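Participant: Before anything else, here's the structure in question.
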Amino acid sequence: MHVIYGGTFDPIHNGHLRLAIELKERLGVDEISLVPCHMPPHREDPGATSGQRLRLLAMAVEGEPGLVVDDRELQREGASYTADTLRQLRAQLGDREPLVMVVGTDAFAGFDRWREWEQIPQLAHVVVVRRPGPLPDPRGAPAKLLRERRVGGAEALHEAPYGYFLELDPPLLDISATGIRERIRSGRSPRYLMPDPVWREICRLGLYGACPDGNF
Ligand code: ATP
């Protein structure tokens, strides 16, 4: 079973990394692929380039064999659409291998605005991770899809290549990339919210308004 966890990762932080480990254990897989988007279609431009975000991700997963970085969205021109990524992966994995994409409830609330969203359940399973904040409107298309295709446990995902929805409610760290960027911009320390090598590299590159000669 191949599991992808996508995001802007602007920058990667311990909330993302902790969730990836929880997913690996709860879904019963050896590996989770973190997929940074090149250009996010539904939000403003990130504070770091895709190449910089990728570099920070690679540093964050170094020495953690269960987490890998998949840079396929950076290889494509233009906006990063999940349906394109899943189609590419499906072509590589063949028809039978289970493919899973992970999404937070915040992003899932707007699922029916994603390009070709109706194709997605024909390419992959969807794991919806409960995040703080409002839940998708129960009358909306995403919530309806979830009700119709929901399975009770991760075992079911191993038994079919695509088409199921699983809700997970793992413990989450209260960390956001927005909060980290604000901290850095205002000269406060983001230490212990992300791996030290990532913060060191942010300082070195002077990203998000960090002082290049070391407020580490
Ligand atoms: P921003 O604050 O810039 O919106 P973010 O920290 O939410 O960023 P994203 O790159 O947008 O990070 O998130 C990628 C994925 O990780 C999304 O599915 C999001 O729901 C999830 N995520 C973000 N923060 C956490 C966290 N603290 N714990 C678990 N999942 C998270």
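The values are calculated or read from the model by the stated rules, or taken from the named source; none is laboratory data. All values reported here derive from a predicted model rather than from experimental measurement. Glycine also receives a Cβ, built like all others from the backbone with ideal geometry; neighbour counts cover every protein chain displayed. The protein model used for the area step is the full one, side chains on, heavy atoms only, and it has no ligands, DNA or RNA in it. Shrake-Rupley method; radii C 1.70, N 1.55, O 1.52, S 1.80 Å.
Participant: If contacts are Cα pairs under 8 angstrom and at least 6 residues apart, what is the relative contact order of the range 78-137 in percent?
Facilitator: For the range 78-137, the relative contact order is 45 percent.
Participant: Provide the percentage of antiparallel DSSP beta bridges, counting only those with both residues in the range 2-174; round to the nearest 5. Spell out each step's value before the answer.
Facilitator: Details: 0 of 21 bridges.
Counting only bridges with both partners in the range 2-174, antiparallel ones make up about 0 percent.
Participant: Still on this structure, please answer the following. Roll a 1.4 Å probe over the protein chains and send me the accessible area per residue for the range 2-174 in Å². Walk me through the numbers on the way to the answer.
Facilitator: Values: 8520 Å² over 173 residues.
For the range 2-174, the solvent-accessible area averages 49 Å² per residue.
Participant: So if each residue of separation counts as 0.36 nm, and I subtract the Cα-Cα distance between residue 150 and residue 205, what length gain in nm does that give?
Facilitator: Taking 0.36 nm per residue and subtracting the Cα distance, the gain is 15.4 nm.
Participant: To the nearest Å, what is the center-to-center distance of the range 43-106 and the range 159-216, using C-alpha atoms only?
Facilitator: 16
Participant: Please sort 13-19, 151-157 by packing, taking for each peptide the average over its residues of neighbouring beta carbons within 10 angstrom, highest first.
Facilitator: Listed from highest to lowest mean packing, they are 13-19, 151-157.
Participant: Further, regarding this structure: Which value at 222 nm does the chain reach when only helices count, each DSSP H run of 4 or more adding -39,500 (n - 2.57), with the total divided by all residues and rounded to the nearest 500 deg cm²/dmol?
Facilitator: When only DSSP H runs of four or more count, the value is -10000 deg cm²/dmol.
Participant: Taking the simple approach of a point 7 Å from Cα along Cα-to-Cβ for both residue 183 and residue 93, what is their distance in nm?
Facilitator: Each label point lies 7 Å from its Cα, and together they span 3.4 nm.
Participant: Classify the range 25-101: rounded, prolate or oblate, from the alpha-carbon gyration tensor (a ≥ b ≥ c, eigenvalue square roots; a/c under 1.5 rounded; otherwise prolate if a/b is larger than b/c)?
Facilitator: oblate
Participant: Just want to confirm a number: the relative contact order over the range 2-174, from Cα pairs under 8 angstrom separated by 6+ residues, in percent.
Facilitator: Reported as a whole number, the value is 24 percent.
Participant: State the percentage of accessible surface on the range 69-139 attributable to carbon and sulfur atoms; use a 1.4 Å probe and exclude ligands, DNA and RNA. Mind showing how you got there, number by number?
Facilitator: Working: 1640 of 3660 Å².
Summing carbon and sulfur atoms, their accessible area is 45 percent of the total for the range 69-139.
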